[in-house]
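FYI, it's all coordinate maths here, none of it is from the lab. Note that the coordinates shown come from a computational prediction; the quantities given were computed from them, not determined experimentally. Ideal geometry is used to build each Cβ from the backbone, glycine not excepted, and the neighbour counts take in all protein chains shown.
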């Protein structure tokens, strides 16, 4: 599975997106990340493993505390893919604008 596929799979889940949103505010321990959810700590840990495997977060160790933080470099494949998609859409819209701007009352010369 490609890095992009892993990242897209990771963010396809609303719980993992919420975790990323929380980590965008700063580092947090596993128990802090688990607090807003009605799921067990092992279930949250599974979500964290998916995010870590996708390269979107890093986990450290500080005694018994396991702080998690965003890994900005993990967003690079997603950002590149979205930029390419956006550029293609803009080209398509520009062609559509050109087509719509043509004067339909004028005959085309052959």
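Tabulated values for the structure
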{"quantity": "For residue 24: the one exception among (1) in contact (Cβ under 8 Å) with a residue 24 or more places away in the chain; (2) within 21 Å of residue 6 (Cβ to Cβ); (3) touching a helix residue (DSSP H, G or I) at 6+ places or on another chain (Cβ under 8 Å)", "calculated": "(3)"}
{"quantity": "Residue in the range 57-77 that is touching a strand residue (DSSP E or B) at 6+ places or on another chain (Cβ under 7 Å), touching a residue at least 40 places away in the same chain (Cβ under 8 Å) and in a helix (DSSP H, G or I) present", "calculated": "no"}
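Residue-by-condition table, conditions (1) in a helix (DSSP H, G or I); (2) surrounded by 13 or more Cβ atoms within 10 Å (Cβ to Cβ):
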| position | (1), (2) |
| --- | --- |
| 5 | yes, no |
| 9 | yes, yes |
| 20 | yes, yes |
| 26 | no, no |
| 31 | yes, no |
| 38 | no, no |
| 45 | yes, yes |
| 50 | yes, yes |
| 55 | no, yes |
